[in-house]
Amino acid sequence: MSTSKNSRVYLKSKPGADHAPLVDNFVYEGCDLPSALTSGEIFIKTTYLSLDPAMRCRMNDDTGVEYMSPWQLGETIKGLGGVGEVTESNDPAFVKGDIVQAVMNWPWSKYFKTRTDDRMLPLTKVDAALKENPQVVLSLLGITGLTSYLGIKERGHVTPGANQTLVVSAAAGACGNLAGQVAKLLGAHRVVGICGSDSKCSYLTSELGFDAAINYKTENVPERLKEKCPEGISAYFDNVGGTLSEEVIKQMSQGSHVILCGQIAVYNKDLPYPPPISEEIQNIIKDRNITRERFLVLHFQDKFTAALKQLQEWYISGKLKVPEYIHEGLENAAEAFVNMMTSVKQEKVGKQMVHVDS
């Protein structure tokens, strides 16, 4: 085991269900290295941490979902995904040097030990072919990519030759950019992204194959949707919720589909998930037979293997681009998360992660 000093991030205070998170809610500190291994345990050095808006609910007393528990004051933050290297093993299934990942409950700690049969931290080995850039399991070949692919395929019902138009909100984000690309690869006729800057809009259309993009901060969204979606909207990959999503739903076609990926516009409000919508929108959904059901990718685990195979094929062949933004240092993880949630300094496209220094 390395003699390097350990470090971690823990929760100092909670912002309250109706307030945005603050850097002051977190503490970065040096801490002890894990104790000696017992049978069935391994030491892991973290290399990458996933930053995900869904973690915001873990700062509340009740997360509102059954698959994530609240963070406790003083305890090391447990995010969603992470990647690390096995530095010592007392389990024959894992050896020193193995690269491992998990999609849930990765601790924000430089070093930690875990039991390999811990269901709360389900570890899998990263393919040796990805050893040079293992972070791709967080940006594509993990929960983010699966959510985008299966959301489009299973809930958006995108099929070749159906002349479908898809709209994606937060289209420059981790899931949004992939969802738009996946929709095109699966045969969508037209894909329109919504995001918050001209540079992001330009990136979507020039680099990622979106047919059009709308800057919700400077443009009239209803008018631009009519212009860019003249045949109506067949499917909507909803990452934000709120009034923006209601404007999209108003222009959706008969028998269309809302894919509820996230609702970042209301994560800092004390509301149930999915959050309530206005009576006007409820009536539109009912009258046009629009599906708007909660989407949880963990309900599609039987499709994970095939989905990951397809995503990796597209990635290797260059058909699918995977933009990433890497923040350096565990000491900057809290600030990176807060900035992501509060739109501070947000010109970043794609999956945001933290690289934990050597």
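For first residues located in the range 106-128 and assigned to a loop (DSSP other than H, G, I, E, B), partners that are at pLDDT 95 or above and charged (D, E, K, R) and lie 6+ apart or on another chain with Cβ distances below 6 Å form the pairs T116/D91. Restricting attention to the range 193-222, and to residues there that are touching a strand residue (DSSP E or B) at 6+ places or on another chain (Cβ under 7 Å) and aliphatic (A, V, I, L, M), which single residue is surrounded by the most Cβ atoms within 10 Å (Cβ to Cβ)? The selected residue is I194.
Filtering the range 230-250 to residues that are farther than 18 Å from A183 by Cα, buried (at least 16 other Cβ atoms within 10 Å of the Cβ) and of a type in the set (S, T, Y) leaves only S245. Out of the residues in the range 140-169 that are aliphatic (A, V, I, L, M) and part of a strand (DSSP E or B), state the one that is surrounded by the most Cβ atoms within 10 Å (Cβ to Cβ). Filtering the range 140-169 for residues that are aliphatic (A, V, I, L, M) and part of a strand (DSSP E or B), the one surrounded by the most Cβ atoms within 10 Å (Cβ to Cβ) comes out as V168. Taken as a whole, the structure places V95 among residues that are over 19 Å from the mean Cα position of the chain (by Cα) and of a type in the set (A, V, I, L, M).
Residue check: R190 meets all listed conditions (1) surrounded by fewer than 24 Cβ atoms within 10 Å (Cβ to Cβ); (2) modelled with pLDDT under 95 but one, namely (2). For the range 300-358, the set of residues classified as at pLDDT 95 or above, among the hydrophobic types (A, V, I, L, M, F, W, C) and part of a loop (DSSP other than H, G, I, E, B) consists of L320, V322, V356, listed by residue number.
Annotation for the range 239-252: at least one member residue is at pLDDT below 95, on the phi > 0 side of the Ramachandran plot and part of a loop (DSSP other than H, G, I, E, B).
In the set (1) at pLDDT 90 or above; (2) more than 30 Å from N133 (Cβ to Cβ), D62 fails one condition alone, (1).
Across the range 185-201, what is the total count of residues that are part of a loop (DSSP other than H, G, I, E, B) and either within 23 Å of the chain's Cα centre (by Cα) or farther than 21 Å from G161 by Cβ (or both)?
Total satisfying the criteria: 4.
Can you pull out the strands (runs of 3 or more DSSP E) entirely within the range 1-98 that have at least 3 residues that are surrounded by 17 or more Cβ atoms within 10 Å (Cβ to Cβ), free of Cβ contacts under 8 Å to residues at least 60 places away in the same chain and in the same structural domain as N339 (by TED's automatic domain parsing)?
Values: elements: 6-11, 26-31, 41-50, 82-89.
It comes to 82-89.
Taken together, the residues in the range 202-220 that are assigned to a helix (DSSP H, G or I) and under 16 Å from L166 (Cβ atoms) amount to 2. For the range 306-347, the set of residues classified as surrounded by 15 or more Cβ atoms within 10 Å (Cβ to Cβ) and free of Cβ contacts under 8 Å to residues at least 24 places away in the same chain consists of N332, N339, listed by residue number.
The values are calculated or read from the model by the stated rules, or taken from the named source; none is laboratory data. Since this is a predicted model, take the numbers as computed values, not measurements. Note that we place each Cβ from the backbone using ideal geometry, even for glycine, and neighbour counts take in every protein chain shown.
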